[in-house]
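The values are calculated or read from the model by the stated rules, or taken from the named source; none is laboratory data. The structure presented is a predicted model; accordingly, all values stated were derived computationally and were not measured. Cβ placement follows ideal geometry from the backbone for every residue including glycine, while neighbour counts extend to all protein chains displayed. To get the accessible areas, we keep the full protein, side chains included, count just its heavy atoms, and leave off ligands, DNA and RNA. Shrake-Rupley method; radii C 1.70, N 1.55, O 1.52, S 1.80 Å.
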Amino acid sequence: MKKSYIEKSLTKYIRFEVDEDVALKGLDNFEHLLEYIGENMDFGRDYYAGNAYVAIKKRTNEILGVQNWKTSKLRTSKNEIKSIRQCFKKIGFRKGKYLMKIPFKVTYIFEAIISLVNDISREKPIPQNLLSIAGLSYGVAFYSKYIDEYSEHLDEIKNDFNEDPLNPTLRCRAELQNDFTAISSPFMVIF
């Protein structure tokens, strides 16, 4: 997705309501990846996820060319990275439902993750708990439930975009299709 689309969008995410079984499915692989990054990148956080979030956020901002992190709309937030790790439980009258959020910067975030894994793996081998998924693409190994949920809503997303193609948020929602399926996508890179 072009950076200009993200800058013009009024929101940072596309959101889907999902059931608990979908929300809690497939968390282990990404959790192990965060652990690998966080334990090998020290940013002074007590918990490995905190170190991983900072490392991913910094690298993503570098990839996006963020110069001034205070004013840039392209600045990556911890919550954008956190949304890759987990779905958010809804409270109130929608109890038992979860909110799945896909950040529009997801390809940039995964580019950063791939870059960090490549840097770390030169000195520290991939841990045993991640070796079982070696040979799979990053999309299949770490993000498949999100891509699957997006695919289920693709007709609705395309219809919304076709009705208002000048809306920058709807354009970002539609552009995620290319981000997930393009040959050059980080989701196609083999872990």
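Residues that are touching a strand residue (DSSP E or B) at 6+ places or on another chain (Cβ under 9 Å) and within 27 Å of residue 49 (Cβ to Cβ): list the helices (runs of 4 or more DSSP H) wholly contained in the stretch 92-191 that include at least 3 such residues.
Passing ranges, in order: 144-152.
So residue 22 fits all but one of (1) modelled with pLDDT of 95 or more; (2) under 22 Å from residue 151 (Cβ atoms); what number is the exception?
(1)
Name the residues in the stretch 45-90 that are touching a strand residue (DSSP E or B) at 6+ places or on another chain (Cβ under 7 Å) and either surrounded by fewer than 13 Cβ atoms within 10 Å (Cβ to Cβ) or polar (S, T, N, Q) (or both), would you?
If the condition is that a residue be touching a strand residue (DSSP E or B) at 6+ places or on another chain (Cβ under 7 Å) and either surrounded by fewer than 13 Cβ atoms within 10 Å (Cβ to Cβ) or polar (S, T, N, Q) (or both), then 83 is the only one that fits.
Is there any pair linking a residue in the stretch 105-121 that is farther than 24 Å from residue 14 by Cβ to one that is buried (at least 21 other Cβ atoms within 10 Å of the Cβ) and of a type in the set (D, E, K, R), with Cβ under 6 Å and at least six apart or on different chains, and which?
The qualifying pairs are 115/59; 116/59.
Could you say which residue among 154, 131, 136, 166 is of a type outside the set (Asp, Glu) and in contact (Cβ under 8 Å) with a residue 40 or more places away in the chain?
Checking each option against the conditions leaves just 136.
If residue 29 meets every condition in (1) within 22 Å of residue 181 (Cα to Cα); (2) outside any helix (DSSP H, G or I) apart from one, which number is that one?
Going through (1) within 22 Å of residue 181 (Cα to Cα); (2) outside any helix (DSSP H, G or I) one by one, residue 29 breaks only (2).
If I filter the stretch 1-26 down to residues being aliphatic (A, V, I, L, M) and open to solvent by 60 Å² or more (accessible area, probe 1.4 Å), which single residue comes out as farthest from the chain's Cα centre (by Cα)?
10
Of all residues in the stretch 32-52, how many are out of contact with any Leu (no Cβ under 8 Å at 6 or more places or on another chain) and either at pLDDT 95 or above or in a helix (DSSP H, G or I) (or both)?
Of the residues in that region, 7 qualify.
When you check residue 46 against the structure, is it of a type in the set (Asp, Glu), closer than 15 Å to residue 116 by Cα and more than 18 Å from the chain's Cα centre (by Cα), yes or no?
For residue 46, the condition - of a type in the set (Asp, Glu), closer than 15 Å to residue 116 by Cα and more than 18 Å from the chain's Cα centre (by Cα) - is not met.
So for the stretch 124-134 (the condition being surrounded by 13 or more Cβ atoms within 10 Å (Cβ to Cβ), under 14 Å from the mean Cα position of the chain (by Cα) and among the aliphatic types (A, V, I, L, M)), does at least one residue qualify?
no
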